[in-house]
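Notes to accompany the following structure.
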Amino acid sequence: MIKGFKEFILRGNVIDLAVAVVIGAAFTLIVTAIVTGLINPLIALIFQADSLSHVTWTVTGLTGNKVEFAFGAILGAIINFIAVAVVVYFVFVFPMNRAKERAAAKAGISEEEASDLPTEQEILLQIRDLLATEKR
């Protein structure tokens, strides 16, 4: 049982996943800081909405009880998600794609040629097949 656990932990996928989780947590802090420090104040310049959680819709039920739907909290979460997505795209994804395009242009590889290159997995499969034929 311990041997199986050791093999599971030392498998490359688990280590990669652990690193991804740690980097993701640190990345979340960066994105949250940008959204709260830059995007939210910009939104506050346009709208005077400190918190949308107080925006509710109250409905009286059949038995006379009042039920409150807090759609303001949902709207706030949607706005926050869009703000985070905008920051992630324009601060991280877009510049990285541009950098890759520039690097490919410097190397003299067009986008079509770059997409035609074999993936890492395909290369590893070719190596495996070559080694298998050499052993015969």
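Below is a table of values for the structure above.
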read-out: Residue among 103, 132, 83 that is under 30 Å from residue 43 (Cα atoms) and assigned to a helix (DSSP H, G or I); value: 83
read-out: Pick from region 8-42, criterion of a type in the set (S, T, N, Q) and over 15 Å from the mean Cα position of the chain (by Cα), ranking: surrounded by the most Cβ atoms within 10 Å (Cβ to Cβ); value: 40
read-out: Residue count for region 51-80, restricted to those that are outside any helix (DSSP H, G or I) and modelled with pLDDT of 80 or more; value: 15
read-out: Residue match in region 43-50 (condition: at pLDDT 85 or above, surrounded by 11 or more Cβ atoms within 10 Å (Cβ to Cβ) and over 21 Å from the mean Cα position of the chain (by Cα)); value: no
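The values are calculated or read from the model by the stated rules, or taken from the named source; none is laboratory data. Quantities reported herein were computed from a predicted structural model and do not represent experimental measurements. So basically every Cβ, Gly included, is an ideal-geometry build from the backbone, and we count neighbours across all protein chains shown.
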